[in-house]
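Only one structure is covered here, and it is reproduced in the block below.
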Amino acid sequence: MDVFPLMQEGGVENLYFCQDRPSGLKAVIAIHNTALGPALGGTRFWNYSREEEVIRDAVRLARGMSYKSSVAGLNLGGGKGVIWGDPQNDKSQTLFNVYGRFIERLGGTYITAEDVGTTPQDMDWIAQETRWVLGTSSKGGDPSPYTARGVYQGIKAALEFVDGTPELKDKCIAIQGTGSVGSHLCRMLAREGAQLILCDLDDKACGLLCEETGASQVSPETIHAQECDVFAPCALGGVINENTIQELRCRIIAGGANNILASERHGDMLEEMGIVYVPDYVSNAGGVIFVAEQLHGLDRDRVAAKVDEIRQTCYNILSKAQSENIPTYRAADAIAEERMNKNREL
Ligand code: NAD
């Protein structure tokens with residue numbers, strides 16, 4: 001694999017490789033764009049099968065963070081750390097200490113936090129070596145309630161755009177994945193009288209949530225094909241793909257998962273099908289807004305107010321897409337790039 005073409009393609013400024021034989025650490029840190037500020041993005045711990053996947057994921061995720069922070073109006077760039085290993089068996093305090101020392105050497109151009117496969121405990125170990133870490137057990141904790149709040153606002157914006165009212169009562173919403181984000185979202189929507197259809201690989205936990213909220217449960221294989229107003233993917237990326245797209249029976253897609261579209265082509269197809277897609281990195285920015293606030297001392301009311309602005313941001317993106325006759329993901333990218341480019345010129 002050639003690294004420079006990959007960096008150019010992903011638009012990353014820097015790619016750092018870290019290894020430490022005694023602790024077993026193998027990590028890549030990608031810094032995508034620092035035009036708006038230091039690169040913020042979590043550290044993922046994942047058991048990739050090949051080295052190329054580690055690098056590609058770091059680049060792709062770092063880029064996503066730049067766009068997410070830019071559209072959310074944060075003065076932050078995008079970066080991502082990826083540690084290659086099995087999160088069940090390969091973690092240790094030493095490994096995270098060594099990783100923390102690498103981050104310290106970057107002098108604050110990269111600020112890390114939790115991501116898939118890492119926990120506040122892991123951040124505590126990183127914090128023993130560097131101050132460039134957020135999401136430790138003493139600072140803030142779980143961002144998912146704020147992520148869910150942003151997705152809720154994204155759903156309301158889309159309903160208002162399509163129906164002329166953000167009213168949730170009796171709207172049918174299918175949620176894929178009832179983990180941290182999905183379960184918070186479900187409770188918020190249920191409180192306003194939405195009819196919910198849920199699924200999760202964890203049948204039992206999902207069943208309990210259905211009992212609590214009056215939702216109905218379907219199998220994970222059929223959730224995307226439910227007839228509903230809104231399909232909210234809150235599990236994995238790549239959910240809108242070659243196999244699922246023709247089976248969709250929703251009017252709106254707005255969810256918490258990252259990279260909901262398998263490729264940009266699927267965003268173009270949704271546009272042709274008349275399904276309104278709220279770009280994922282816009283509606284799921286509540287988590288990064290919460291984490292970023294920890295840089296200035298956490299004020300939860302200020303975070304909530306900033307997360308609620310996601311509604312207007314989503315509405316503006318949907319309007320821009322309509323007036324310029326472009327898919328919504330392109331409208332969001334254009335807004336993100338404009339802000340980054342303006343700051344770079346300055
Ligand atoms: P989580 O692990 O708590 O929940 C994910 C849930 O999805 C789990 O319950 C899992 O069983 C379920 N799941 C996995 N595959 C599934 C499938 N095929 N069908 C149905 N259910 C399935 O994770 P989370 O923190 O809730 O994050 C959910 C998504 O949101 C992820 O894509 C994550 O990257 C994204 N995200 C999360 C945050 C956050 O603050 N936690 C912020 C931004 C984006």
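In table form, for the structure just shown:
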read-out	value
Alpha-carbon centroids, the stretch 101-151 and the stretch 226-278: separation in whole Å	30 Å
Cβ-based charge dipole, the stretch 144-340, positive-most Cα from V303, Q246, I223	V303
Accessible area of the chain divided out per residue, in Å², using a probe of 1.4 angstrom	44 Å²
Qualifying GluC sites (Glu not before Pro) in the stretch 244-346, DSSP loop, other Cβ atoms within 10 Å at most 16	E309
Per-bin percent of Cα-Cα distances, the stretch 144-340 [10 Å]	10, 39, 37, 13, 1
About the Cα centre, charge dipole magnitude for the stretch 144-340 (Lys/Arg +1, Asp/Glu -1 at Cβ), debye	440 debye
S180 - accessible surface, heavy atoms, 1.4 Å probe, Å² rounded to 10	70 Å²
Which of R21, R339, R131 is most accessible, then next, and so on - probe 1.4 Å	R21, R131, R339
Normalised per residue, the volume of the convex hull around the Cα set of the chain (Å³)	139 Å³
H266, H184, H296, ranked by accessible area, largest first (probe 1.4 Å)	H296, H184, H266
In the stretch 112-172, GluC sites (Glu not before Pro) in a DSSP loop with at most 16 other beta-carbon atoms within 10 Å	E167
With every protein chain in place, the chain: carbon and sulfur % of accessible area (1.4 Å)	46 percent
The chain - mean residue ellipticity at 222 nm from DSSP helices (-39,500 (n - 2.57) per run, n ≥ 4, rounded to 500)	-14000 deg cm²/dmol
Accessible-area value, W132, 1.4 Å probe, nucleic acids and ligands omitted, Å²	50 Å²
Cα gyration tensor category, rounded, prolate or oblate, for the stretch 220-277 with a/c compared to 1.5	rounded
Surrounding net charge for A215, when Lys and Arg each add one and Asp and Glu each subtract one, Cβ distance under 12 Å	-2
Flagged links, alpha-carbon separation over 32 Å, of K91/K342; K80/K156; K169/K204	K91/K342
Tensor-based shape of the stretch 195-306 (alpha-carbon gyration tensor, a/c under 1.5 rounded, otherwise prolate or oblate)	oblate
Where R191, R50, R44, R56 fall by accessible area, highest first, once all protein chains stay in place (1.4 Å)	R191, R50, R56, R44
Charge dipole (debye, nearest 20) of the stretch 273-343; +1 at Cβ of Lys and Arg, -1 at Cβ of Asp and Glu	60 debye
Heavy atoms of F102: accessible area, 1.4 Å probe, square angstrom to 10	40 Å²
Net charge dipole size for the chain [Lys, Arg +1 and Asp, Glu -1 on Cβ; Debye, nearest 20]	840 debye
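The values are calculated or read from the model by the stated rules, or taken from the named source; none is laboratory data. Treat the numbers as computed from the prediction; the structure is a model and nothing was measured. FYI the Cβ positions are ideal-geometry reconstructions off the backbone, even for glycines, and counts take in every protein chain you see. Heavy atoms of the whole protein, side chains included, go into the accessibility calculation; ligands, DNA and RNA do not. Shrake-Rupley method; radii C 1.70, N 1.55, O 1.52, S 1.80 Å.
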